[in-house]
Amino acid sequence: MLADWTVDPTFFAYIRAASPDDDWRSPETWRKANPSFGVTINEDDFAAEAREAEQSPSKLNSVLRYRLNVWTQQDTRWIPPETWSAGNAPPPVPLAGRDCWVGLDLAYSEDTSALLAIFPDENGDVDVLARFYLPGDGMAERERRDAFPYGQYVASGLIVATSGDTTDYDFIRKDIEEFSKRYRIRRVAIDPWQAIQLGNQLQGLGLDVVKYKQGFGGFNAPCRQLENLLSKGKLRHAGNHVLAWQAQNVTLRTNAEGMVRPLKPKDSGGARVDGMIALLMALGAWSAEESKPARRPPQIHAI
């Protein structure tokens, strides 16, 4: 030992951790991983965190990693199917003429393009209206590759197939123009990577357009907001099957600061998440505008 410089007899390491198969909700597990539980760690605070984690997969990942010393993956599946399906109700009142905030996530050929509009009401509930777009050519191959019946939802109107083998942005622009005549669009959030030209065109229609940051800083707050809406039963999406499929595909990545952002799952194959990205951008645009004392004139800017 004296000859081995890597051994320090003055240093002692003692690690306590829960096992992956332990019940993370149990106080017995909490004590197992925390030798000072009830002394330096307050049991009531710990229990409150556990209750919050039951409603939030991102919070659960944090509790497992930092409170129970359980190894977790950086990416975690986000929204349980039963949590999402609880919002299958249609809007209680017509959406026509109501204020809405729009998130627009565009794809060129592979992914779906998604327009998600949110309609908050005076009770804090949020109704969601979703539109999806795909190139019309190669539909059969796309269905085989992604293992999803796109043609069925094109026929039902949940997906619009634009002509050609790439998504027709002019069609989407015209669709948004018609959309703006039926609903009062307060703001449109766009992914600046794909949508600058379309954003300029929408600004020309008099719409307020923002370039939405696509990293942790842009998505952490709306991810938490969406979790809160879902846990309280305050999000209604009318059971849109395409959006439900994408809600089950999306995962969360957590960084070292505990912030989260949405992603496709690793080795996702044909999994698509564009509708969820657009939904989060719409929530972020709404929150950013509501936090300001007054509206600004239509322009393209960043949030």
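The values are calculated or read from the model by the stated rules, or taken from the named source; none is laboratory data. It should be emphasised that the depicted structure is a prediction, and the values quoted were computed from it without experimental measurement. Every residue, glycine as well, gets a Cβ built from its backbone with ideal geometry; the counts of neighbours run over all protein chains shown.
Can you tell which of Arg51, Arg67 is buried (at least 19 other Cβ atoms within 10 Å of the Cβ) and more than 30 Å from Thr167 (Cα to Cα)? I'd like the intermediate steps shown before the answer.
Values: Arg51 fails: buried (at least 19 other Cβ atoms within 10 Å of the Cβ).
Answer to the selection: Arg67.
Residues in the stretch 180-198 that are surrounded by 17 or more Cβ atoms within 10 Å (Cβ to Cβ) and either over 21 Å from Glu289 (Cβ atoms) or among the hydrophobic types (A, V, I, L, M, F, W, C) (or both): Ile185, Val188, Ala189, Ile190, Gln194, Ala195, Leu198. Beta carbons closer than 7 Å, at least 6 apart along the sequence or on distinct chains, pair a first residue in the stretch 48-59 that is modelled with pLDDT of 80 or more and assigned to a helix (DSSP H, G or I) with a second that is among the β-branched types (Val, Ile, Thr) and crowded, with 16+ Cβ neighbours inside 10 Å for Glu49/Val63; Ala50/Val63. Would you pick out the residues in the stretch 8-27 that are closer than 14 Å to Asn69 by Cβ, surrounded by 10 or more Cβ atoms within 10 Å (Cβ to Cβ) and of a type outside the set (Lys, Arg)? Ala17, Ala18, Ser19, Pro20, Asp22, Trp24, listed by residue number. Criterion applied to Leu60, Leu116 was being within 19 Å of Val250 (Cα to Cα), surrounded by 13 or more Cβ atoms within 10 Å (Cβ to Cβ) and out of contact with any strand residue (DSSP E or B) (no Cβ under 7 Å at 6 or more places or on another chain), and the one residue passing it is Leu60.
Listed by first and then second residue, the pairs linking a residue in the stretch 127-149 that is free of Cβ contacts under 8 Å to residues at least 12 places away in the same chain to a residue that is assigned to a helix (DSSP H, G or I) and surrounded by fewer than 18 Cβ atoms within 10 Å (Cβ to Cβ), with Cβ atoms under 7 Å apart and 6 or more places separating them unless they lie on different chains, are Glu143/Gly151; Pro149/Glu143.
Rundown of residues vs (1) out of contact with any Pro (no Cβ under 6 Å at 6 or more places or on another chain); (2) over 30 Å from Glu141 (Cα atoms); (3) assigned to a loop (DSSP other than H, G, I, E, B), yes/no style:
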{"position": "Glu178", "(1), (2), (3)": "yes, yes, no"}
{"position": "Glu257", "(1), (2), (3)": "yes, yes, yes"}
{"position": "Gly275", "(1), (2), (3)": "yes, no, no"}
{"position": "Leu280", "(1), (2), (3)": "no, no, no"}
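Any chance the stretch 182-195 includes a residue that's of a type in the set (Phe, Trp, Tyr), assigned by TED's automatic domain parsing to the domain that holds Ala282 and not in a helix (DSSP H, G or I)?
Checked the stretch 182-195: at least one residue is of a type in the set (Phe, Trp, Tyr), assigned by TED's automatic domain parsing to the domain that holds Ala282 and not in a helix (DSSP H, G or I).
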